[in-house]
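Asks: This structure is in structure tokens; I'll ask about it shortly.
The values are calculated or read from the model by the stated rules, or taken from the named source; none is laboratory data. What you see is a predicted model; the values in this text were computed from it and never measured. Because the Cβ atoms are built from the backbone with ideal geometry, glycine has one as well, and the counts that use them run over all protein chains shown. Remember, those area values only see protein heavy atoms, side chains included, never the ligands or the DNA or RNA. Shrake-Rupley method; radii C 1.70, N 1.55, O 1.52, S 1.80 Å.
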Amino acid sequence: MRRAPVLVARAVFPEVVARLSQHFDVESNPEDRIFDKPTLSARLAGKAGAFTTGSERIDAEVLDAHPQLRVVANMAVGYNNFDIPACTARGVLATNTPDVLTETTADFGFALMMAAARRMAESEHFLRRGEWTKWAYDMFTGSDVHGATLGILGMGRIGQGIARRGALGFGMKVIYHNRSRLTPDQEAPVGARYVDKATLLGEADHLVLVLPYSAASHHTIGAAELALMKPTATLTNVARGGIVDDAALAVALRERRIAAAALDVFEGEPRVHPELLTVPNVVLTPHIASATVATRRKMAELAADNLIAALTGGTPPTPINPEVLRDGRLPPPRTGRG
Ligand code: GLV
């Protein structure tokens, strides 16, 4: 039987490409070119499935140009690069990689928050510049993490992981805001208190953003929200660029309206707002919160599991739009779409 053609749109572990090649006719991208929209579309010609990352946008236009495409498997938990309603309307299965990265990403979010609170990047840059000539009582004094109030915006799996670290490891008080309130059973182990967004902004000593990006969460944190925060507070974003108005944040940091920030994600990344590059009180990392070898392997394997199951009559483990499945399986392709 002819093997289904699939595109692996970015470089990924060769073992995972080899595994996919046992099932499919794989076109891969070992040189890791970033495909612009026309190139992505050209590469998708004739493909039944695609292994993607956050850098490939799958929207109605792409789907309409490729009616044979049946599954798009993102190697990421976030999927704002997919137009999910457009996929669902066309019967295209979209999958992501939840759970396998929760603890790793929570580790990193917590580390970034600590780095901002204790001014780690700023003081390291000072040392590297050769400016450390003496001890001083007020040199790089920051704010405590232990016993402080941890604010979490977006209390999903990763948010709860960060809350656990704060409450159980550092004796932090946890407050949070989310689209929906957790159950008492979920709140109790970390003593999490549900508050409205304004209270969260006003009370948090360290605010961590872990909410998904959507049009509704665009610039959730802008100048007005930053103005509600304590001048001693820190802001950490391990969610998505665009949730924070980076220009407004750079101004707030420069004017010390908040003490510090830590960002792993940026509006329009890998471009970083030039003002953020010049303010000292921000820790900047290149979207690496899930980047441990073990976790990146699990993410790649899970994306491959989804692709293989979807196209070989199995049950994809982590569908985003399970409504396109029938009895847990992707129905056979219809000829023509419309
Ligand atoms: C990374 O940002 C992810 O969504 O997995």
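Asks: Of the residues A215, A192, which single one is out of contact with any Ser or Thr (no Cβ under 8 Å at 6 or more places or on another chain) and open to solvent by 20 Å² or more (accessible area, probe 1.4 Å)?
Replies: A215
Asks: Just to verify a result, which residue in segment 92-124, among those that are over 12 Å from the mean Cα position of the chain (by Cα) and part of a loop (DSSP other than H, G, I, E, B), is nearest to the ligand (Cβ to nearest atom)?
Replies: Per the criteria, the residue is V100.
Asks: Further, regarding this structure: State which residue pairs qualify: first residue within 15 Å of G151 (Cβ to Cβ) and inside segment 103-129, second residue open to solvent by 40 Å² or more (accessible area, probe 1.4 Å) in any location, beta carbons under 6 Å apart, and separation of 6 or more residues or different chains.
Replies: Listed by first residue and then by second, the contacts come to F110/R165; A117/G142.
Asks: Can you pull out the residues in segment 65-87 that are in contact (Cβ under 8 Å) with a residue 60 or more places away in the chain, touching a strand residue (DSSP E or B) at 6+ places or on another chain (Cβ under 8 Å) and open to solvent by 40 Å² or more (accessible area, probe 1.4 Å)?
Replies: Within segment 65-87, R70, Y79 meet the criteria.
Asks: What number of residues in segment 236-249 are outside any loop (DSSP other than H, G, I, E, B), under 17 Å from P286 (Cα atoms) and touching a His at 6+ places or on another chain (Cβ under 8 Å)?
Replies: Let us first name the residues in segment 236-249 that are outside any loop (DSSP other than H, G, I, E, B), namely 236-237, 244, 246-249.
Applying the additional criterion that residues be under 17 Å from P286 (Cα atoms) yields 236-237, 244, 246.
Subset that is touching a His at 6+ places or on another chain (Cβ under 8 Å): 236, 244, 246.
Here the count works out to 3.
Asks: Further question: Six or more apart or on different chains, Cβ atoms under 6 Å: show the pairs whose first residue is in segment 282-301 and within 11 Å of V238 (Cα to Cα) and whose second is open to solvent by less than 60 Å² (accessible area, probe 1.4 Å) and near the ligand (Cβ under 9 Å from one of its atoms).
Replies: Note: pairs meeting the criteria are T285/D264; H287/D264; H287/V265; A289/T105; A289/V238; A289/D264; S290/L101; S290/T105.
Asks: Then there's this: For F108, only one of the following conditions fails: (1) of a type outside the set (G, A, S); (2) out of contact with any strand residue (DSSP E or B) (no Cβ under 9 Å at 6 or more places or on another chain); (3) open to solvent by 50 Å² or more (accessible area, probe 1.4 Å). What is its number?
Replies: F108 satisfies all of (1) of a type outside the set (G, A, S); (2) out of contact with any strand residue (DSSP E or B) (no Cβ under 9 Å at 6 or more places or on another chain); (3) open to solvent by 50 Å² or more (accessible area, probe 1.4 Å) except (3).
Asks: Looking at segment 125-152, which of its residues are in contact with a helix residue (DSSP H, G or I) (Cβ under 6 Å, 6 or more places away or on another chain) and part of a loop (DSSP other than H, G, I, E, B)?
Replies: F140, G142, S143, V145, H146
Asks: What are the residues in segment 273-316 that are surrounded by fewer than 17 Cβ atoms within 10 Å (Cβ to Cβ) and among the small types (G, A, S), if any?
Replies: A291, A294, G313, G314
Asks: Here's something else I'd like to know. From A188, A261, A215, A239, which residue is in contact (Cβ under 8 Å) with a residue 12 or more places away in the chain and away from the ligand (no atom under 15 Å from the Cβ)?
Replies: Sole residue among the options that is in contact (Cβ under 8 Å) with a residue 12 or more places away in the chain and away from the ligand (no atom under 15 Å from the Cβ): A261.
Asks: Could you tell me how many of the residues in segment 317-338 are farther than 20 Å from F82 by Cβ, in a loop (DSSP other than H, G, I, E, B) and modelled with pLDDT of 95 or more? Outline the logic, then answer.
Replies: First pass over segment 317-338, keeping only residues farther than 20 Å from F82 by Cβ: 326-329, 332, 334-336, 338.
Among the residues that remain, those that are also in a loop (DSSP other than H, G, I, E, B) are: 327-328, 332, 334-336, 338.
Okay, now just the ones that are also modelled with pLDDT of 95 or more, so 327-328.
Of the residues in that region, 2 qualify.
Asks: Identify all residues within segment 125-178 that are small (G, A, S) and more than 19 Å from the chain's Cα centre (by Cα); write none if there are none.
Replies: Scanning segment 125-178 gives G130, A136, G142, S143, G147, A148, G166, A167, G169, G171.
Asks: Any chance you could count how many residues in segment 68-91 are of a type outside the set (V, I, T) and within 14 Å of the ligand (Cβ to nearest atom)?
Replies: Residues in segment 68-91 being of a type outside the set (V, I, T) and within 14 Å of the ligand (Cβ to nearest atom): 9 in total.
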